[in-house]
Amino acid sequence: MTIIAEKIVFGGNSLAKIDGKNVFVPFAIPGETLEVQITKNYKDYDVAEITSIINPSKHRVEPPCKYYKKCGGCNMLHIDYDFQKKLRTQILSDLFLQQGIDVQNQIEIISGQNYNYRCRFQLNNGGLSERSSNNIIPIEQCFCAEKKINEYLKNTPFDKRPKGRIPLFGSEFSEKNVMIYQEKQSFQEKNTSYIKNGRKQKIKKNVHFAGTVYSPENSITVILNGKNISFDVRGFFQSNLFVFAKVLNLIVQNLEGGKNILDMYAGCGSISAFLSDLYENVVLVEHNRDALVYAEQNLIGKKHTSFGMSGASWIKNCASTCQPFDACVIDPPRSGMESEVCEYLCNSNIKQIISLSCDPSTHARDCKKLIEAGYKIKKIYLLDFYPNTSHIESLVVFQN
């Protein structure tokens, strides 16, 4: 059957209609006339695959990757990069409009290179998982991966790579070659110090995350905008440091500075390290206490307090002990802000809030609540961390 693809929706599929019913078509581009075959039937919609392209879009390009459509990673590599960014902007705008927030003409794009940008990688039994399958693809190259990772893939035979789900890291932002996760060494005592710039440094004791362990065998240091930022290869860290460096500058440029700032869901303190240049005191809240051990390293010499607990627990037990905040930077997980955190911010009278998100749907939901509480959107950005995919991250600057 023949359809015309109408628009890209969240997740990267194109929307079309057959006899009034919504049909989602992977790897289609808006405006294309396509011959498709229905592959899955549901009550409210169907899923189809392209059998032939009758009238291709002028933005359709030949994907340079031989694993494309087999690998479960990229899903927009068949679209020229400039148009990709427009499509991701449209998706972000549509999701905010569904919450009654019209940002169509306000979104600015923060982007970098569209190839060789990804520094964090996860191999599954030495390769990548096939799309919608448990099969493993023994890749030799990834167009998204940074050069150091591609050198590892090229020079390490598939049967010599570690088995299991193994995180690795390689970047021109780091002096190390590819770092591969190592099992924890067996030792009786937790580490209480580490080496930085050739000197032994003592990890600051903090009752809010006592008992965590610093693991030097899995530690990485990158240089971002002139600062050394350390983290654990097993933990969360941004995968596109070219764009992240720009985002860090963006956050600093949009803040006014002052006495106290709250970094909610602070991770290893990669953002706090820069907030500490603008504010006299930084309060970090992060439930992953292992990440906060690295935050302590990254903020040595800066006035700060770290709380190793969820945002909801901090609000219940500790928020009242903190001085009023001039600003807040919040970067929640994909599920969005905890309800207690969102309610706290809505009632906080904090002058500036910068909200980052790796999920535009939950971001739009949370932003709606802040707007209803009286906050106004000053700026909104599409953070193009993952070219050639439909994954969208965003940043909103609020003013009270």
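The values are calculated or read from the model by the stated rules, or taken from the named source; none is laboratory data. The model shown is predicted, which means the values in this text are computed figures rather than measured ones. Heads up, the Cβs are rebuilt from the backbone with ideal geometry, glycines too, and the neighbour counts pull from every protein chain shown. Just so you know, the surface numbers come from the protein's heavy atoms only, side chains and all, with ligands and any DNA or RNA stripped out. Shrake-Rupley method; radii C 1.70, N 1.55, O 1.52, S 1.80 Å.
Kindly list the residues of the range 251-282 that lie in the label zone of residue 351, defined by a backbone N under 13 Å from the point 7 Å along the Cα-to-C-beta vector.
Only 255-261, 279-280 pass the distance filter.
Provide the net charge surrounding residue 140, with neighbours chosen by a C-beta distance below 10 Å and charges set as Lys +1, Arg +1, Asp -1, Glu -1.
Numbers: positive: 66, 154; negative: none.
Neighbourhood net charge equals +2.
Probe of 1.4 angstrom, ligands and nucleic acids ignored: what's the accessible area per residue over the range 334-400, in square angstrom?
Working: 2330 Å² over 67 residues.
Spelled out: the 1.4 Å probe surface of the range 334-400, per residue, equals 35 Å².
Would you mind calculating the gained length between residue 53 and residue 227 on full extension (0.36 nm times residue separation, minus the Cα-Cα distance), in nm to one decimal? Show your work: numbers first, answer last.
Values: separation 174, 0.36 × 174 = 62.64 nm, distance 4.93 nm.
Additional length available on full extension: 57.7 nm.
Within the range 360-389, which residues have the backbone N less than 13 Å from the label spot 7 Å out from residue 98 along Cα→beta-carbon, could you tell me?
Correct set: 360-366.
At a 1.4 Å probe radius, which order do 165, 334, 289 fall into by accessible area, largest first?
Values: 165 150, 334 125, 289 105 Å².
From most exposed to least exposed: 165, 334, 289.
Residues with amide H under 5 Å of residue 378's amide H, sequence separation 5 or more or different chain, H placed in the peptide plane at 1.01 Å from N; which?
Answer set, sorted by chain and number: 397, 398, 399.
When only the heavy atoms of the protein chains count and the probe is 1.4 Å, how do 326, 366 rank by accessible area, highest first? The partial results should precede the final answer.
Details: 326 60, 366 5 Å².
Most to least solvent-accessible, the answer reads 326, 366.
Can you tell me the orientation of helix 81-97 relative to the chain, as the angle in degrees between its alpha-carbon axis and the longest Cα principal axis, to the nearest 10?
70
What is the calculated FRET efficiency for residue 35 to residue 82, with r their C-beta to C-beta distance and R₀ = 22 Å, to the nearest 0.05?
On the way: r = 27 Å, r/R0 = 1.24.
That pair, residue 35 with residue 82, gives E of 0.20.
With a 1.4 Å probe and all protein chains kept in place, how much accessible area does residue 309 have, in Å² rounded to the nearest 10?
Its accessible surface works out to 40 Å², give or take rounding.
What's the Cα-based Rg to Rh of the range 296-400, Rh via Kirkwood? Present the calculation step by step, with values, prior to reporting the outcome.
Values: Rg = 14.7 Å, Rh = 14.9 Å.
Expressed as Rg/Rh, it is 0.98.
Give me the number: length gained by fully extending residue 155 to residue 368, i.e. 0.36 nm times residue separation minus the C-alpha to C-alpha distance, one decimal in nm. Numbers along the way, then the final one.
On the way: separation 213, 0.36 × 213 = 76.68 nm, distance 4.94 nm.
In short, 71.7 nm is gained.
Classify the range 1-152 as rounded, prolate or oblate from the Cα gyration tensor: take a ≥ b ≥ c as the square roots of its eigenvalues, call it rounded if a/c is under 1.5, otherwise prolate when a/b beats b/c and oblate if not.
Judged from the Cα gyration tensor, the range 1-152 comes out oblate (a/c at least 1.5, b/c at or above a/b).
When the solvent-accessible surface of protein heavy atoms is calculated with a 1.4 angstrom probe, in what order do 67, 381 fall, highest first?
Details: 67 30, 381 5 Å².
Largest accessible area first, the list is 67, 381.
How big is the C-alpha Rg of the range 304-363 next to the rule-of-thumb value 2.2 N^0.38 Å, as a ratio? Could the numbers behind the result be given before it?
Working: Rg = 11.6 Å, N = 60, 2.2 N^0.38 = 10.4 Å.
That works out to 1.11 for the range 304-363.
For residue 277, what accessible surface area do you get with a 1.4 Å probe? Give it in Å², rounded to 10.
So the heavy atoms of residue 277 present about 90 Å² to solvent.
Hey, quick one: spin label on residue 106, modelled 7 Å out along Cα-Cβ, who in the range 368-386 has an amide N within reach, i.e. under 16 Å?
Hits in the range 368-386 for residue 106 at 16 Å: 368-383.
Check the straight Cα-Cα distances from residue 259 and name the aspartates and glutamates below 17 Å, setting aside those fewer than 8 residues away within the same chain.
Partners within reach: 277, 280, 326.
Show the residues, 5+ positions off or on another chain, whose built amide H is closer than 5 Å to the amide H of residue 28.
14
Got a number for carbon plus sulfur as a percent of the chain's accessible area, 1.4 Å probe? Intermediate results must be reported in sequence, preceding the final value.
Details: 8830 of 19040 Å².
On the chain, the fraction of accessible area on carbon and sulfur atoms equals 46 percent.
At a probe radius of 1.4 Å, what is the per-residue accessible area of residue 287, in Å² to the nearest 10?
Probe radius 1.4 Å; accessible area of residue 287 about 130 Å².
Once label points are set 7 Å from the Cα along Cα→Cβ at both residue 132 and residue 2, what is their separation, rounded to one decimal in nm?
2.5
What is the magnitude of the charge dipole of the chain about its Cα centre, with +1 placed on the Cβ of each Lys and Arg, -1 on the Cβ of each Asp and Glu, and no other charges, expressed in debye to the nearest 20?
For this selection, approximately 920 debye.
Under the rule of -39500 (n - 2.57) per DSSP H run of 4 or more residues, summed and divided by the residues of the chain, what mean residue ellipticity at 222 nm is obtained, to the nearest 500 deg cm²/dmol? Before the final figure, lay out the partial values.
On the way: 8 runs with 81 residues, N = 400.
Taken over the chain, the calculation gives -6000 deg cm²/dmol.
Quick check: residue separation of residue 379 and residue 334 times 0.36 nm, minus the Cα distance between them. What number comes out in nm?
On the way: separation 45, 0.36 × 45 = 16.20 nm, distance 2.12 nm.
Full extension of this stretch gives 14.1 nm more.
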